[in-house]
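The values are calculated or read from the model by the stated rules, or taken from the named source; none is laboratory data. From a predicted model like this one, the values you see are computed outputs, not experimental measurements. Every residue, glycine as well, gets a Cβ built from its backbone with ideal geometry; the counts of neighbours run over all protein chains shown. To get the accessible areas, we keep the full protein, side chains included, count just its heavy atoms, and leave off ligands, DNA and RNA. Shrake-Rupley method; radii C 1.70, N 1.55, O 1.52, S 1.80 Å.
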Amino acid sequence: PVQVQLVVPMAVVFAPGSVPGDLPRPLPFRDVQEMEISVNLRTSVTSRYEMRYRSTTAHEEAALAAATAREADAALYPLQDTTLGSLTMYVVPETSSLLPQGINVYVGKHRSALVRAGGGLAALQARLREVTQVMSFTASSIAAALSDRVPNGQLGPDARRNLKSSLGYEITFSLLNPDPKSHTVDWDIEGAVNRFVKPVLDKLSLVANFSVDSQILYYAVLGVTPRYDKESSSFLLSAHSLPHVINPVEARLGSSAASLYPVLNFLLYVPERSHSPLYIQDKDGAPVSTNAFHSPRWGGIMVYNVEAPASPQASLPLHVDVDMARVMEVFLAQLRLLFGLSREEVPPTFLLENPGNEGLADWELDHLLWAHTVENIATVSTTLTSLAQLLDKIGNIVIKDDVASEVYRAVASVQSAVTELSLGHLLAAFQASKEAVTCSERAFFDPSLLHLLYFPDDQKFAIYIPLFLPMAVPILLSLAKIVRETRLRKKEPTKMD
């Protein structure tokens, strides 16, 4: 059974004029809040928030005197604990002008938030609980990470959307030009990857290794014929036909077959001239503003319409320069969705700072690390249990020393990950969990443990008896004859007497 305690070190810092009147004891003091996350009978996950309540220092007061929340967040960053998985909440007075009207919580780019005071300690703690749910992990994000262990009915529809934890991911950008006679399409994919994708992947490099490649496919068409709409004189792809778009295209992509890691496909489709302009409709029949859609755990497709030439006599093929900023904005939003970093479930009184060109805030990185660490621990537990069951079944299996040492390392690493989590050391826990996954996979997939190499005894008899019985019959008969003759020889001398 998996038993994990997720500990979040958390500082609650009161600015002057924001201290609630009903504090149980004078500042500074510590408090602990625990919550059980129900998964199933064999898996127990407890979240534990270790809160340190204190007043602001002179430097923090000066930083909180900034004109805007964004400036305050930037000024506070060097003064706070930047350990992965830790949180700092700055409680500002109810009348503070740092937070806009109607906003009670400002979540910064790093690992801190500004929280408006209001009411007593209980009201503040309820608000803090809401913030920690956004900035660290929620019961649903942990359940989604353990989706293999959660009974089906308990999971929301989005729980299986996120990518499974992996040691690496391969990202493929593909340009689909089904009609090269009409369009020559140029896209500066290398420049776009360096400018838009690289900063995001540099930030995500803690989570996994990433490789990026690109390709242009000609004459690759979507598997669905779009419907012509007379009113708008355009072609439409409806939401229910989108799943059928992917399969025929995927056969042409050819990248996932040779890959060790999950492949994320981002496809830019320039519709052929006979189907232009092409628009995607949502379930209600309204046009999708981005003209793109994504498929969980697979990737995304964006339709890029080419403007028709002003004069019908324009020479073909038309030259098209793709606006990479517009395309990459959509692909990065889809990448965030695939990693479960969507910001849709945030309460309306929250204001979340835009992470800028880094693509994700520090606390969002922590959000991923929490989920992946828990998932890795569960994966190792399942892998080692399966291995133990295999070894139990085959009594005569030979376990080499290197396989045994991988198993020992996996067990030690997973225990270390659980211990580090209970100490609130997220980075160390994640790295130990990654090491545990590597070792357990190496042991499980070792060629010497292939169960086909070992036969049950009844199979051995079934194979060898038909081979040896015909040879054994004459040998046994001649042995019996020899035995009979020796007995006769022994009896003969006594008769002569």
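Screening the candidates LEU421, LEU469, LEU427, LEU452 for the property of being part of a helix (DSSP H, G or I), in contact with a Ser or Thr (Cβ under 8 Å, 6 or more places away or on another chain) and either open to solvent by 40 Å² or more (accessible area, probe 1.4 Å) or at pLDDT below 90 (or both) yields one hit, LEU427.
Considering region 232-263, the residues that are closer than 20 Å to PRO277 by Cβ and among the aliphatic types (A, V, I, L, M) include one that is surrounded by the fewest Cβ atoms within 10 Å (Cβ to Cβ), namely ALA239.
Restricting attention to region 13-35, the residues that are in contact with a strand residue (DSSP E or B) (Cβ under 7 Å, 6 or more places away or on another chain), among the small types (Gly, Ala, Ser) and open to solvent by 70 Å² or more (accessible area, probe 1.4 Å) total 0. Can you spot a residue in region 376-397 that is among the charged types (D, E, K, R) and touching a residue at least 60 places away in the same chain (Cβ under 8 Å)? No, every residue in region 376-397 fails to be among the charged types (D, E, K, R) and touching a residue at least 60 places away in the same chain (Cβ under 8 Å).
Does LEU84 satisfy being within 19 Å of SER18 (Cα to Cα), surrounded by 16 or more Cβ atoms within 10 Å (Cβ to Cβ) and either hydroxyl-bearing (Ser, Thr, Tyr) or in contact (Cβ under 8 Å) with a residue 24 or more places away in the chain (or both)? So LEU84 fails the test. Given the condition part of a loop (DSSP other than H, G, I, E, B), basic (Lys, Arg) and either more than 21 Å from PHE235 (Cα to Cα) or open to solvent by less than 20 Å² (accessible area, probe 1.4 Å) (or both), answer yes or no: does some residue in region 319-330 qualify? Checked against the condition, which is being part of a loop (DSSP other than H, G, I, E, B), basic (Lys, Arg) and either more than 21 Å from PHE235 (Cα to Cα) or open to solvent by less than 20 Å² (accessible area, probe 1.4 Å) (or both), region 319-330 yields no hits at all. Residue-level check: of (1) within 21 Å of the chain's Cα centre (by Cα); (2) loosely packed, with under 14 Cβ neighbours inside 10 Å; (3) modelled with pLDDT of 85 or more, PHE196 misses just (2). When the strands (runs of 3 or more DSSP E) confined to region 167-257 are screened for residues that are in contact (Cβ under 8 Å) with a residue 24 or more places away in the chain, those reaching at least 3 such residues are found at 168-177, 183-186, 209-218, 234-237. Only one of the numbered conditions (1) more than 22 Å from LEU368 (Cα to Cα); (2) surrounded by 16 or more Cβ atoms within 10 Å (Cβ to Cβ); (3) modelled with pLDDT under 95 is not met by GLU441, and that is (1). Filtered by the rule that a residue be small (Gly, Ala, Ser) and either under 23 Å from ALA144 (Cα atoms) or open to solvent by less than 30 Å² (accessible area, probe 1.4 Å) (or both), region 333-365 gives ALA333, GLY340, SER342, GLY359, ALA361. When each of VAL8, VAL39, VAL32 is tested for being at pLDDT below 85 and part of a strand (DSSP E or B), the lone residue that passes is VAL39. For region 36-59, the set of residues classified as of a type outside the set (D, E, K, R) and open to solvent by 70 Å² or more (accessible area, probe 1.4 Å) consists of SER38, LEU41, ALA58, HIS59, listed by residue number.
Looking only at region 88-99, decide whether some residue is open to solvent by less than 30 Å² (accessible area, probe 1.4 Å), closer than 27 Å to LEU206 by Cα and assigned to a loop (DSSP other than H, G, I, E, B). So far as region 88-99 goes, no, none of its residues is open to solvent by less than 30 Å² (accessible area, probe 1.4 Å), closer than 27 Å to LEU206 by Cα and assigned to a loop (DSSP other than H, G, I, E, B).
When region 100-136 is filtered for residues that are assigned to a helix (DSSP H, G or I) and either of a type outside the set (Gly, Ala, Ser) or surrounded by 22 or more Cβ atoms within 10 Å (Cβ to Cβ) (or both), the ones remaining, listed by number, are LEU121, LEU124, GLN125, ARG127, LEU128, ARG129, GLU130, VAL131, THR132, GLN133, VAL134, MET135.
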